[in-house]
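Participant: After the structure tokens below, expect a handful of questions from me.
The values are calculated or read from the model by the stated rules, or taken from the named source; none is laboratory data. Model, not experiment: these values are computed from the prediction. No Cβ is skipped: glycine too gets one built from the backbone with ideal geometry, and neighbour counts run over all protein chains shown.
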Ligand code: FAD
């Protein structure tokens, strides 16, 4: 099933992201976690793709498993920065052969020290165009309500986002954010710039304050005072932080639905218990 048709249904959507293992040693444990998440019956599940391409086989096989054995439509992430054109064509064939109909087209982070000369791909828009030419797939792309960290200005970021959408993105999924006003402002600005495709709002339930502070420092995302106070008060107890993180994410999601943002994507970090609690908190709203 195409993700765009699910999003366009008009009802509140809750999708969930999982990541594949880095090595085959942990394959079974990770697969089990993704299966538990699939049993929660999200509207669709996305499966991330390693920046160096090392986990491409794992991405395809986890996506195939949740879709074909658990009946949850899968969105396979695909990044291009480290790949040659023929590898990417091979990925299209591989995903199509496994019944995958949806790709999140990404550039990927540029590995440290990598020369940008002689690359086959520089931006996600090039990959998007190739997927569109290939046909078969519904294409999504990433977007950044607080701007991508490499962008000189938010205007540039939105201009290039428009290019990516024009290249063939049918929907966008946002980077996580912790203040919904940031998303509402971003939506206003991209609509003004002529970007009309649906935007799926990415929400991260924070259960590990150390990792979120690190991610925010790297990516330039803001942590609102209200959230910082929660982390300061409960961050030293994993149980308390988990409960507070679930409550915070739930409240963000309810506010999004209430304000007409119908599609929400949960960064599950492969934690079925956390994803399950959030789904339960929303049961009357999303059923
Ligand atoms: P692009 O859309 O290419 O943008 C990258 C930068 O280039 C931006 O600053 C943009 O403004 C600029 N730009 C775009 N076009 C041009 C142009 N023509 N000229 C000049 N500048 C331009 N990474 C992974 O490795 N695997 C994953 O599975 C993964 N999943 C993700 C899922 C989501 C929802 C998000 C938000 C991010 C994900 N990432 C993933 C991270 C992503 O790969 C990085 O953020 C990466 O740095 C940018 O990828 P992109 O596809 O957004 O790039």
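Participant: Of all the residues that make up the range 108-120, how many are out of contact with any helix residue (DSSP H, G or I) (no Cβ under 6 Å at 6 or more places or on another chain) and either within 15 Å of residue 86 (Cα to Cα) or touching a residue at least 60 places away in the same chain (Cβ under 8 Å) (or both)?
Facilitator: 3
Participant: Turning to a different aspect of this structure: Do we have residue 232 as free of Cβ contacts under 8 Å to residues at least 24 places away in the same chain, over 18 Å from residue 269 (Cα atoms) and touching a strand residue (DSSP E or B) at 6+ places or on another chain (Cβ under 9 Å) here?
Facilitator: Considered against the rule, which asks whether it is free of Cβ contacts under 8 Å to residues at least 24 places away in the same chain, over 18 Å from residue 269 (Cα atoms) and touching a strand residue (DSSP E or B) at 6+ places or on another chain (Cβ under 9 Å), residue 232 comes out as no.
Participant: Next question, about the same structure. Sort out which residues of the range 135-171 are touching a residue at least 60 places away in the same chain (Cβ under 8 Å), closer than 19 Å to residue 80 by Cα and out of contact with any strand residue (DSSP E or B) (no Cβ under 8 Å at 6 or more places or on another chain), and write them in order of number.
Facilitator: Within the range 135-171, just 149 meets the criteria.
Participant: Kindly establish whether residue 15 is crowded, with 22+ Cβ neighbours inside 10 Å, within 12 Å of the ligand (Cβ to nearest atom) and within 15 Å of residue 200 (Cβ to Cβ).
Facilitator: yes
Participant: Right, residue 133: more than 10 Å from the ligand (Cβ to nearest atom) and at pLDDT 95 or above or not?
Facilitator: In short, yes.
Participant: Turning to a different aspect of this structure: Quick one: is residue 253 in contact with a strand residue (DSSP E or B) (Cβ under 9 Å, 6 or more places away or on another chain) and surrounded by 12 or more Cβ atoms within 10 Å (Cβ to Cβ)?
Facilitator: Yes, satisfied.
Participant: Can you name the number of the only condition in (1) surrounded by fewer than 23 Cβ atoms within 10 Å (Cβ to Cβ); (2) in a loop (DSSP other than H, G, I, E, B) that residue 65 fails?
Facilitator: Result: residue 65 fails condition (2) only.
Participant: Does the range 131-158 hold any residues that are in a loop (DSSP other than H, G, I, E, B) and farther than 12 Å from residue 174 by Cβ, and which are they?
Facilitator: 135, 136, 137, 149, 150, 151, 152, 153
Participant: Tell me which residues, restricted to the range 109-125, are surrounded by 11 or more Cβ atoms within 10 Å (Cβ to Cβ), assigned to a loop (DSSP other than H, G, I, E, B) and either modelled with pLDDT of 95 or more or more than 6 Å from the ligand (Cβ to nearest atom) (or both).
Facilitator: 110, 114, 119, 120, 121, 122, 123
Participant: How many residues, within the range 17-40, are over 26 Å from residue 89 (Cα atoms) and out of contact with any helix residue (DSSP H, G or I) (no Cβ under 8 Å at 6 or more places or on another chain)?
Facilitator: 5
Participant: Working carefully through the options 22, 41, find the one that is on the phi > 0 side of the Ramachandran plot, out of contact with any strand residue (DSSP E or B) (no Cβ under 8 Å at 6 or more places or on another chain) and surrounded by fewer than 16 Cβ atoms within 10 Å (Cβ to Cβ).
Facilitator: 41 is the lone residue from the list that is on the phi > 0 side of the Ramachandran plot, out of contact with any strand residue (DSSP E or B) (no Cβ under 8 Å at 6 or more places or on another chain) and surrounded by fewer than 16 Cβ atoms within 10 Å (Cβ to Cβ).
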